[in-house]
Amino acid sequence: DAGVTQSPTHLIKTRGQHVTLRCSPISGHKSVSWYQQVLGQGPQFIFQYYEKEERGRGNFPDRFSARQFPNYSSELNVNALLLGDSALYLCASSLGDRVHEQYFGPGTRLTVT
Amino acid sequence: DAKTTQPNSMESNEEEPVHLPCNHSTISGTDYIHWYRQLPSQGPEYVIHGLTSNVNNRMASLAIAEDRKSSTLILHRATLRDAAVYYCIHDNYGQNFVFGPGTRLSVLP
């Protein structure tokens, strides 16, 4: 069975640009969460979606947005990129709305120059 | 934010048990305790979770204090592949799923 997949693997953007990251959950999982991990730190929670509805939002500016599609895949959008947005963006899926037993993808490495 | 306190680092010898402690004094009655680990250059990996009772699975055991303000992740026989950063989190519905700095576990051959 396929695990959580994310695309692209790596991305280089310029300050002020916009980026869209994509995530496909494990088949049957209806919840997707997004995390940002800066080098040397633990992942920081950005969003959780369940059944296409936002269920949780971390302490991130409105430049960050996300959505979940009817097939439970998800997109994370970041507008007006800043240098500080450079990080590994992780997607995790879980079965239900309670975030138990999350399975993480390999992440998208975003570099903002 | 839901906060936990863990030692920065720990060391273990291969094939010996490892007890990784975590303090979560602000835990609420309905928060679950979760443990994840992250190997170098990989996304976090689910290890175990529990609410009140001790839990066992194929990877580890989770011992939860009676007052639930602390827990211990037990790896029964450490292997070199267990070297990772171990994160302890307490949360209910995911809105406060805060990964702290974690404990970096080194396993010595």
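The values are calculated or read from the model by the stated rules, or taken from the named source; none is laboratory data. Being a predicted model, the structure only gives us computed values, none of them experimental. Don't worry about glycine lacking a Cβ; one is built from the backbone with ideal geometry, like all the others, and counts go over all protein chains shown.
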Legend entry - Filter result (of a type in the set (Ser, Thr, Tyr), surrounded by fewer than 21 Cβ atoms within 10 Å (Cβ to Cβ) and within 10 Å of the chain's Cα centre (by Cα)) within the stretch A:8-53: A:20
Legend entry - Residue among A:30, A:52, A:13 that is away from every other protein chain (no Cβ under 13 Å) and touching a Leu at 6+ places or on another chain (Cβ under 9 Å): A:13
Inset, instruction - Working only within the stretch B:34-49, note down all residues that are facing chain A (nearest Cβ under 9 Å), within 8 Å of the chain's Cα centre (by Cα) and of a type in the set (Phe, Trp, Tyr). - result: B:36
Inset, instruction - Within the stretch A:85-95, identify whether any single residue is over 16 Å from residue B:38 (Cβ atoms) and either touching a helix residue (DSSP H, G or I) at 6+ places or on another chain (Cβ under 9 Å) or assigned to a loop (DSSP other than H, G, I, E, B) (or both), and answer yes or no. - result: yes
Inset, instruction - Identify, by number, the condition in (1) within 28 Å of residue A:39 (Cα to Cα); (2) touching a residue at least 60 places away in the same chain (Cβ under 8 Å); (3) within 14 Å of chain A (Cβ to nearest Cβ) that residue B:79 doesn't meet. - result: (3)
Inset, instruction - Looking only at the stretch A:50-66, count how many residues are within 19 Å of residue A:88 (Cα to Cα) and assigned to a strand (DSSP E or B). - result: 4
Legend entry - Evaluation of residue A:58 against (1) within 10 Å of another protein chain (Cβ to nearest Cβ); (2) modelled with pLDDT of 95 or more (one fails), failing number: (2)
Inset, instruction - Determine whether the stretch A:69-78 contains at least one residue that is within 14 Å of another protein chain (Cβ to nearest Cβ) and of a type in the set (Phe, Trp, Tyr). - result: no
Legend entry - Boolean, residue A:7 is more than 17 Å from residue A:106 (Cβ to Cβ) and not charged (D, E, K, R): no
Inset, instruction - Give the stretch B:14-51 a look and list any residue that's within 26 Å of residue A:103 (Cβ to Cβ), surrounded by fewer than 17 Cβ atoms within 10 Å (Cβ to Cβ) and of a type in the set (Val, Ile, Thr), or say none. - result: B:30
Legend entry - Considering residues of the stretch B:59-82 that are among the charged types (D, E, K, R) and surrounded by 18 or more Cβ atoms within 10 Å (Cβ to Cβ) only, the residue farthest from residue B:17 (Cα to Cα): B:68
Inset, instruction - Could you check the stretch B:22-109 for strands (runs of 3 or more DSSP E) lying wholly inside it with 3 or more residues that are of a type in the set (Phe, Trp, Tyr) and under 23 Å from residue A:44 (Cα atoms)? - result: B:32-38
Inset, instruction - Return the total of residues in the stretch A:93-109 being more than 7 Å from every other protein chain (Cβ to nearest Cβ) and free of Cβ contacts under 8 Å to residues at least 24 places away in the same chain. - result: 0
Inset, instruction - Determine which single condition residue A:66 fails, assuming it passes every other condition in (1) within 14 Å of chain B (Cβ to nearest Cβ); (2) of a type in the set (A, V, I, L, M, F, W, C); (3) surrounded by fewer than 21 Cβ atoms within 10 Å (Cβ to Cβ). - result: (3)
